[in-house]
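The numbers here are math on the coordinates, done by the rules we state, and not lab data. On a predicted model such as this, the values are computed, not experimentally measured, just so you know. Methodologically, a virtual Cβ is constructed for each residue, glycine included, from the backbone with ideal geometry; neighbour enumeration extends over all protein chains shown.
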Amino acid sequence: MIEHLRAVLRMHQIGIIDLLRPRRLLRAAADNSRLGPQAALIMKAAAEHPDAPAVTDDRGTLTYRELDEQSNALAHALKGLGLPDRSVVGVLARDHRGLVLAISGTARATLRLALMNTGLAKQQFAEVVAREKVRVVLYDSEFAALVEGLPDDIPRYVTWGTAPGTPIDELIAAHPVTPLPLPDRPGGFIILTSGTTGLPKGAPRTKVSPLASAVIADRIPFPRQGAAVFASPLFHSTGFGAWTVGLSLANHAVLLRRFDPEDIVRAIAEHRAQMLVAVPTMLTRILALGPEIISKYDTSSLKAVFVAGSALAPELTNRFHEMFGEVIYNVYGSTEVAVASVAQPAEARRAPGTVGRPPITVHVALYDANDRRVTRSGAHGRVFVRTGIPFEGYTDGQHKQVIDGYMATGDQGHFDDEGLLFIDGRDDDMVISGGENVYPVEVENLLCGRDDVVEAAVIGVDDPDFGQRLRAFIVPTDASARDPQVVKDYVRAHLARYKVPRDVVFLDVLPRNPTGKVVRRDLPTEPPVTG
C-alpha cells in the first residue's frame, strides 16, 4: 500500500495525474477501467488539450480532438459489424495515424486488438490469424499479399494506401463522431513477442494498472505536452509502451512509416522533439550518417533517447553521447514483464553495460537453477521480475515460470555492489565450451569496442572436442582488414582463453527482425568460409 501511495505521488510530480483535481482524476480512472489506457488517455487529452497536436505522420497532423472524433467514428463502423464483444481484430500496419486509430477505435467498440508484426511471412501471418481467432483485419496496402490468402469470411479494411477492402477513411467519414457507451470492461489487446526463436507468441493484456505509466516515467524524463519521435514500431512493446506514457502527458507523437536515419534526425529538429524512441541498431545507423550530415540539423531539443528491444553495447552508448550529449536511457524488459529496469546516463557512465535499477513498483530478483534466491553481489542467476502490469499467459496456453510472484524473463544476470543490474545473456544463449560457461554478450560488447567493427554477434556451435565453440559474426567497417586472427588475438588479450571465438565470420549485415533484435537462428552454423 505504501509503495502504491509513493507511485501515486510520483505520477503527480511527473504530471501524469493531478491530485488537486480529484473529480477529473476519478473520471479518468473510471474510463481507464472500462476502456483501457490508450483510448481513455486520448479522450482525456481531447477534453483538456483539444487543439494540441496528437499525431504527425506522412499525411500531416491530427489534433487530440480530431483523433478522438475519428476514433469514435471508426468504433461506430466496427460496432456495426455485429461482432461479439472482445472479438479479435488484427492490425498489420506501420507507424501512422491508421494504426493509432485502430488501437483507439477497437477499444471503444469493445473489441480486442492483435498488433501484428510487419515482418511476418505469409504462412506465419496466416498461422497467427488462426491461432488468435482474428475476425477482422485492418492492414496497409503493402501487405496485401499476406492478407489475400485469408478466408473469405474475414472482412478486411485498408489503413494505408490502395488495396482490396474499404479504406478506414471511408468508414470514418460515413459514421458519427459521437462517443459510444463505455463498455463494462476493456476489450484488451495482444502484443506479439519478437519471435526470434520461432512463431511469435501472443501476449494479451486486459487489465493494466493506472500505476503502469509511472513505471517508465519514474526513471525517464518524458516530455510534458512536448514532442517525441518514434523510430521503434508501435506494434511492439517498446514503442507501444512509450507512446502510451506519452498520451498520459498529452504529448505529440511523430511517426515515420519507414526508418531512415536522416529522416529521424530531421524530424527531431523540425518538431523540436525532446524524446526519441528507438532500438540499438537504429542508433548505430544514425551515427553512421557521420558528423557532417548530423550537424546540419539542430537536435539540441533532444533530452532523452528511450532505447529498448535488444542489448545496448557500452561502446554504442559512449559514441552516441559524444554526438548528442548524455541522453540515452537504456530500458530492459520484455513483452511479458514490461519494464524491469532503466539505466540512466550517469549509471551507464559509472557502470558501462548496466541496465540500471527497477522503477517504482517494480522488483527484480535472481534465482538459481534450483529456484533458490540469489542475493550475493556479483553472483549470476536467472532474472525474475514482479510488476504491476500482469502477464496473462500466452494465447497458446503456455506460461512463464513464476516464483514468489516474480516472473521469469528468460535471461541470466547479476547485480553489482551498488545494486545495478547487468544482463549476461539469454538462458538459451549461454555456451558451455570445454566445461566453461560463456555468455556471448560479454564477447560481443568487447568486439563492438573496436574501431573497425560496426556490429557483432556471437553464438555457440557444435564442436566434437569441446561440446561447443564460439563463432563470432562481425559487420566490419570499410577500413577493416577483415583478418580473423586479429580479432581472435584482440579477444585473447582482454578475456579468458575459453572466451576466444574459434571462428570469425564477416558479414555485410546481421539478420534482424523488424524490432531490431538479431535473429540468431538465421546466423550460419555450418563451417564458415572465413575463420
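Couple of notes before you dig in:
- Nearest-ten-degree value, helix 2-14 long axis tilted from longest Cα axis of the chain: 80
- Bridges between two residues of the chain, per DSSP, are antiparallel at a rate of about 55%.
- Highest-first arrangement of 447-455, 278-286, where packing means the average Cβ count within 10 Å: 278-286, 447-455
- The simple spin-label model puts a point 7 Å past each Cα toward its Cβ; for ASP18 and ILE294 those points are separated by 3.9 nm.
- Computed E for ARG350/LEU9 - FRET, C-beta separation, R0 35 angstrom, nearest 0.05: 0.80
- Value of relative contact order over the chain, rounded to a whole percent, pairs C-alpha under 8 Å and six or more apart: 11
- Near GLY325, once Lys and Arg are set to +1 and Asp and Glu to -1 for all other residues with Cβ below 14 Å from its Cβ, the sum equals 0.
- Rg to Rh quotient for the range 430-522, alpha carbon positions, Kirkwood Rh: 0.95
- Estimated vicinal HN-Hα couplings, Hz - the range 469-486 in sequence order (Karplus 6.51, -1.76, 1.60; Gly, Pro = x): 9, 8, 10, 9, 10, 10, 9, x, 7, 4, 7, 5, 7, 6, 9, x, 5, 4
- Sequentially through the range 415-420, phi angles give Karplus couplings (6.51, -1.76, 1.60; θ = phi - 60°) of 9, 8, 5, 8, x, 7 Hz, Gly and Pro residues having no value and appearing as x.
- Relative to the longest principal axis of the Cα atoms of the chain, helix 64-79 runs at roughly 80 degrees.
- With Cα atoms, 0 to 90° folded angle of helix 314-324 axis to the chain main axis: 60
- Residue-averaged 222 nm ellipticity for the chain, from DSSP H runs of 4+ at -39500 (n - 2.57), nearest 500: -9000 deg cm²/dmol
- Nonlocal Lys pairs with alpha-carbon distance under 23 Å, the chain (8 or more apart, or different chains): 16
- Kirkwood-type hydrodynamic radius, the range 82-207: 14.8 Å, calculated from all non-identical alpha-carbon pairs.
- Put simply, the amide H of VAL374, placed in the peptide plane, has neighbours under 5 Å in LEU366, TYR367, ASP368, leaving out anything fewer than 5 places away on its chain.
- Separation of the range 128-149 from the range 439-468 is 38 Å, based on Cα centroids.
- Local charge for VAL431 was computed over the other residues whose Cβ lies under 13 Å away, with Lys and Arg +1 and Asp and Glu -1, and equals -4.
- Ranked from largest, the principal axis spans of the Cα set of the chain equal 69, 53, 53 Å.
- Extreme residue, positive dipole direction of the chain, given options THR317, GLY241, THR477 (C-beta unit charges): GLY241
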